[in-house]
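Worksheet: one structure, shown below.
The values are calculated or read from the model by the stated rules, or taken from the named source; none is laboratory data. Small disclaimer: the values here were computed from a predicted structure and weren't measured. Note: ideal-geometry Cβ built from the backbone for every residue, glycine included; neighbour counts use all protein chains shown. These area figures cover heavy atoms from the full protein model, side chains too; ligands, DNA and RNA do not enter into them. Shrake-Rupley method; radii C 1.70, N 1.55, O 1.52, S 1.80 Å.
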Amino acid sequence: MIDNKQAFRSALGRFVTGVTIVTTRDEEGKAIGLTANSFNSVSLDPPLVLWSLALTSPNLLAFRNSRAWAVHVLAADQEDLSNRFATRGIDKFEGLSIDDGPEGAPLIPGCAARFGCRSTFEYEGGDHAIFVGEVVDFIDRDIKPLVFHGGKYGGVFQGAKETRPAELVHEGEFGRYFIGHLLNRAYQTAFVDVRREYRARGLRSSEYSVIVALGLGDGCPRAELIRRAANGAVDLPDAAIDGLIARGVITGAGDALHLTGEGRKILAELMAVAQSFQLQLESMLAPYELSQLTSLLGKLCSVGEDAG
Ligand SMILES: Cc1cc2nc3c(=O)[nH]c(=O)nc-3n(C[C@H](O)[C@H](O)[C@H](O)COP(=O)(O)O)c2cc1C
């Protein structure tokens, strides 16, 4: 007897799945669909697949009565679509260009794979109805799928050999990643152009930090600016502030410090260099990889903040 449903749900969430959208048309021909990760293969010959639908779904009757439905295996960049089709009571198909699959089941573009199915059996499955369908056509694209695990979206991990270059594996660490080393290398790579630019303007790293920190919110009191700019700077930002005032990059009126016209010009030039690295990164990574990278680095920064 399972009393703790939350614990049961959490244990089930350990099982990694892909994410699908299952679509059909209701009796009036209106396109309907929902996000489902209960999809699975059943048989190769005949080719059968299944998925299950909550009995509380307003779409239950439509799926029960439909002769065909289509299963779309979502691609890594279709998280928004997954969220849209998991939201009840909205026009889920708004703005999508839909083709017709078997028996008119609506087909959504951009997915990693798609199975057009003839509805074959329906079984009782507790609070869900289990639908089995015979696959009548399918497409398969060589792109990364969206992954669902523990109630969160993720991506596919390609395996140790592919993602762990030999020179980064630290023998003394039992072959584990040496994250600090990796972060340092990534930081050097990300920062090489910006560093060259601020040095070319005769600025030190602490002065660069002060200019950026002031760019985040002008008219900042000195103590607040020091707190913001201390982030990683080797030299004391306090001295950096005085140096920048002396150079006419910052002007200090009472307790509010401002970038001068010259300061704003330097900031804009340095941010343009930083932006070009950002664009390079965006062209290299899938959107979900970029958002994971941003979130993980944010977490790492907050570890440092908690400790300090
Ligand atoms: C990743 C994910 C997987 C889901 N899997 C299922 C599923 O297998 N079966 C189901 O009935 N609902 C599933 N849901 C919930 C439905 O998508 C959600 O309840 C949606 O509102 C159902 O659409 P409807 O209310 O228009 O029927 C899932 C939601 C998400 C985000």
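Worth a mention:
- Within the option set Gly18, Gly33, being in contact (Cβ under 8 Å) with a residue 60 or more places away in the chain, under 30 Å from Leu290 (Cβ atoms) and near the ligand (Cβ under 8 Å from one of its atoms) holds for one residue only, Gly33.
- Count of region 122-150 residues which are part of a loop (DSSP other than H, G, I, E, B), open to solvent by 60 Å² or more (accessible area, probe 1.4 Å) and modelled with pLDDT under 95: 4
- If you filter region 57-68 down to residues that are part of a loop (DSSP other than H, G, I, E, B) and more than 8 Å from the ligand (Cβ to nearest atom), you find that the one that is nearest to Ile90 (Cα to Cα) is Ser66.
- Note on region 238-294: residues that are open to solvent by less than 50 Å² (accessible area, probe 1.4 Å) and within 14 Å of Ser209 (Cα to Cα) amount to 12.
- Listed by position, the strands (runs of 3 or more DSSP E) enclosed by region 1-56 that each have at least 2 residues that are hydroxyl-bearing (Ser, Thr, Tyr) and more than 28 Å from Ser97 (Cβ to Cβ) are 40-43.
- The listed residues are Val22, Val73, and the only one of them that is under 22 Å from the mean Cα position of the chain (by Cα) and not acidic (Asp, Glu) turns out to be Val73.
- Restricting region 176-226 to residues that are over 21 Å from Ala240 (Cβ atoms) and outside any helix (DSSP H, G or I), the residue that is most open to solvent (accessible area, probe 1.4 Å): Arg176
- Lone qualifier among Ser52, Ser43, Ser38 - being open to solvent by less than 50 Å² (accessible area, probe 1.4 Å) and free of Cβ contacts under 8 Å to residues at least 12 places away in the same chain: Ser43
- Selection status of Asp255, of a type in the set (Asp, Glu) and touching a helix residue (DSSP H, G or I) at 6+ places or on another chain (Cβ under 6 Å): no
- Filtering region 69-87 to residues that are open to solvent by 30 Å² or more (accessible area, probe 1.4 Å) and either part of a helix (DSSP H, G or I) or within 11 Å of the ligand (Cβ to nearest atom) (or both) leaves Glu79, Asp80, Asn83, Arg84, Ala86, Thr87.
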